[in-house]
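Shown next, in structure tokens, is the structure this report addresses.
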């Protein structure tokens, strides 16, 4: 982390624009169902309040595709943030329009303004210089604390850094510290667990991790592509037939590198894609043609648990089964529980694996849960993240 943080710059009584990640889930009545990302922004906001800054927050929410859509308004976020901070967060009616401009101009030190959803403007995702410039005019300093969008070069993540001194907040600093240490200097044995539906989403990560880990465990939907690559039938299971060569290459690379590649030895299969479907556990070599694999089986769970007992650093990205359905959440929950019980640095790479750990009630037992699924994947892949690159070097 050779990037400047809020501690490396004089913020006292300055106007500061902060890019947060307030892309939170809501129910049909606009109640926030998980406020993790809002809470993750509090340390940086509180630090700015201690320095008597005038704080202008911005974020996206959902995918309004450059149009003003009330269902994607950040108003519920302003309400929740006010509750968490115990002080009023002023809500702007627009992003760079008259209301935002007048409220930003009148904003006093110690006050907080939240701009409306930046993705209500199509210029945001195009990283339009004019739009970036207008956002930058609100403030004297730019703080990026949105790790979840650090892999996107948008106006509010990289564009404004062309016009203002740009530093990171505490959340990005923490993300880079944990993910960076795991990749650059892990305590060994170093184990990576990869799940999720598709090999195509993770092939770069598999390739990159095979250069670094001692053991790579594969579960979730993508395991069936590995089974098929070895010539076995997978029934109706999810399988990317066009990625069989990539799966073969990964197995060959693991062998050449001396990395232990653990694939499931048994699988829990179901008759149909529904919560109460008939199910049974079979060896992975014996999946019947009209059945579908939905979870890792008991023998695989035991094998993974044994391997984790000696691990010193573990990174986990992607669920190991269809965890949304209780009967197929056993693999994912068992591994989450195993991780909560070992004496090791445990890093959960955002997205569905973070949701699964939260759902299992084990979030507080993990060393670090990343707030950015896509960003953490690209970071693990060794890609440069535009939102981080745009910040000033120390």
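Potential lengthening of the chain between residue 277 and residue 163 amounts to 35.4 nm, from the contour at 0.36 nm per residue minus the alpha-carbon distance. Using the Cβ-Cβ distance between residue 298 and residue 71 with R0 = 41 Å, the FRET efficiency computed as 1/(1 + (r/R0)^6) comes to roughly 0.45.
Its residue count N sets the reference 2.2 N^0.38 Å, and the alpha-carbon radius of gyration of the range 83-148 equals 1.16 times that reference. Here the spin labels are modelled as points 7 Å beyond Cα on the Cα-Cβ line, and at residue 12 and residue 245 they lie 6.3 nm apart.
Please report, to one decimal in angstroms, the Kirkwood hydrodynamic radius of the range 167-245 built from all distinct Cα-Cα pairs.
Values: mean 1/r = 0.0697 Å⁻¹.
Answer for the range 167-245: a Kirkwood hydrodynamic radius of 14.3 Å.
Semi-axis lengths, largest first, of the ellipsoid equivalent to the range 93-236 are 42, 20, 12 Å, with √(5λ) applied to each eigenvalue of the Cα gyration tensor.
The base-10 log of I(q)/I(0) for the range 1-128, evaluated at q = 0.14, 0.20 Å⁻¹, reads -0.62, -1.22 [Debye formula, identical scatterers on Cα atoms, solvent excluded].
What translational diffusion coefficient, in µm²/s and rounded to a whole number, does the Stokes-Einstein relation yield for the range 298-394 at 25 °C and a viscosity of 0.890 mPa s, taking the hydrodynamic radius as the Kirkwood radius over Cα pairs?
The diffusion coefficient I find is 172 µm²/s.
Structural descriptor for the range 1-102: relative contact order 27 percent, calculated from alpha carbon pairs under 8 angstrom and at least 6 residues apart. The alpha carbons of the range 186-380 stretch over 43, 38, 29 Å along the principal axes, in descending order. Using the alpha-carbon positions of the range 211-295, Rg (one decimal) and Dmax (whole number) come out as 13.6, 43 Å. Rounded to the nearest 500, the helix-only mean residue ellipticity at 222 nm of the chain stands at -10000 deg cm²/dmol, with each DSSP H run of n ≥ 4 adding -39,500 (n - 2.57). Could you give the nm distance between label points at residue 343 and residue 326, where each point is 7 Å from its Cα heading toward the beta carbon? Result: 3.6 nm between the two label points.
Show me 127-133, 342-348 ranked by packing, highest mean number of other Cβ atoms within 10 Å first. Before the final figure, lay out each step's value.
Details: 127-133: 17.0, 342-348: 20.1.
Sorting 127-133, 342-348 by mean packing, highest first, produces 342-348, 127-133.
With the convex hull drawn around the C-alpha atoms of the chain, the volume per residue stands at 141 Å³.
Rank by packing, highest mean first: peptides 311-317, 23-29, 137-143, 109-115, with packing defined as the count of other Cβ atoms within 10 Å averaged across residues.
Working: 311-317: 24.9, 23-29: 12.9, 137-143: 22.1, 109-115: 20.3.
Packing order, densest peptide first, comes out as 311-317, 137-143, 109-115, 23-29.
Mind pulling the angle between the C-alpha long axis of helix 244-257 and the longest principal axis of the chain? Nearest 10 degrees, somewhere in 0 to 90. Taking the Cα atoms of the chain, the angle to 244-257 is about 90 degrees. An oblate overall shape is assigned to the range 171-215, the ratio a/c of its alpha-carbon gyration tensor axes (a ≥ b ≥ c) being 1.5 or greater and a/b not exceeding b/c.
Read the figures in this text as sums done on the coordinates, not as results from a lab. Predicted, not measured: the structure shown is a model, and the values here were computed from it. Quick reminder, even Gly has a Cβ in these numbers, built from the backbone with ideal geometry, and neighbours come from all protein chains shown.
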